[in-house]
Amino acid sequence: MIISFFGHSSLINTDYLYEKVEETIVNNINHNERILFYCGGYGDFDNLCAKICREIKSQHQNCELVFVTPYITKAQQIKMKRWMNEKLYDSIVYPPLENVPKRFAISRRNEWMINESDLIIAYVQHPFGGAYKALEYAKKKKKLTINLAIE
């Protein structure tokens, strides 16, 4: 099972949201199958989800935390190397985006994540921005979506 996360870059009341994300993950995974957590690594919601996934992973050997990068720039490679050295992620994936203009890389990366995923956990409060577009794309693709902002 692959779970991807999409949400706003700035968050308020993260304690409440931490509990909701953790509860949602635990209630939707089968502890006997391999679980991949796909994270985008940008903003408060991504960082919160990655932290929760690391915690869940420490209790379940069948989980892997994957950073899905939209870029392969020198600066991004340095950042990813640091993350791997700090054990923040288990692996890094670069989708087939080499021919995508840089300004579209994040949205195309998000579409790739959604296409690969079985479950989308989101925190989208307003009808604009990248997280909103990702959630709408996931719904269009008939993916199982949980928007914690309206739960």
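Answer with yes or no whether ALA131 is closer than 15 Å to TYR38 by Cα, part of a strand (DSSP E or B) and in contact with a Gly (Cβ under 9 Å, 6 or more places away or on another chain). Judged against the criteria, ALA131 is not a match. If you go through segment 42-66 and keep only what is of a type in the set (Val, Ile, Thr) and either closer than 14 Å to SER4 by Cα or in contact (Cβ under 8 Å) with a residue 60 or more places away in the chain (or both), you end up with ILE52, VAL66.
Residue check: is SER107 of a type in the set (Gly, Ala, Ser), in a helix (DSSP H, G or I), out of contact with any His (no Cβ under 7 Å at 6 or more places or on another chain) and open to solvent by 80 Å² or more (accessible area, probe 1.4 Å)? Answer is no for this residue.
Would you please name the residue that is surrounded by the most Cβ atoms within 10 Å (Cβ to Cβ), looking only at residues in segment 30-41 that are part of a loop (DSSP other than H, G, I, E, B) and without any contact (Cβ under 8 Å) to a residue 60 or more places away in the chain? For segment 30-41, the residue satisfying everything is GLY41. Out of curiosity, is ALA75 surrounded by fewer than 16 Cβ atoms within 10 Å (Cβ to Cβ) and either in a helix (DSSP H, G or I) or among the basic types (Lys, Arg) (or both)? Judged against the criteria, ALA75 is a match.
Can we say ILE150 is closer than 21 Å to HIS8 by Cα, of a type in the set (A, V, I, L, M, F, W, C), free of Cβ contacts under 8 Å to residues at least 12 places away in the same chain and open to solvent by 40 Å² or more (accessible area, probe 1.4 Å)? So ILE150 fits the description; yes. Taken over segment 78-91, the criterion of being open to solvent by 40 Å² or more (accessible area, probe 1.4 Å) and modelled with pLDDT of 90 or more is satisfied by ASP90 alone. Any residue at all in segment 46-66 that's open to solvent by less than 80 Å² (accessible area, probe 1.4 Å), under 14 Å from ALA134 (Cα atoms) and in a helix (DSSP H, G or I)? Within segment 46-66 (the criterion being open to solvent by less than 80 Å² (accessible area, probe 1.4 Å), under 14 Å from ALA134 (Cα atoms) and in a helix (DSSP H, G or I)), the answer is yes, since at least one residue qualifies.
The values are calculated or read from the model by the stated rules, or taken from the named source; none is laboratory data. Note that the coordinates shown come from a computational prediction; the quantities given were computed from them, not determined experimentally. Cβ coordinates were reconstructed from backbone atoms using ideal geometry, including for glycine residues, and neighbour counts include every protein chain displayed. Remember, those area values only see protein heavy atoms, side chains included, never the ligands or the DNA or RNA. Shrake-Rupley method; radii C 1.70, N 1.55, O 1.52, S 1.80 Å.
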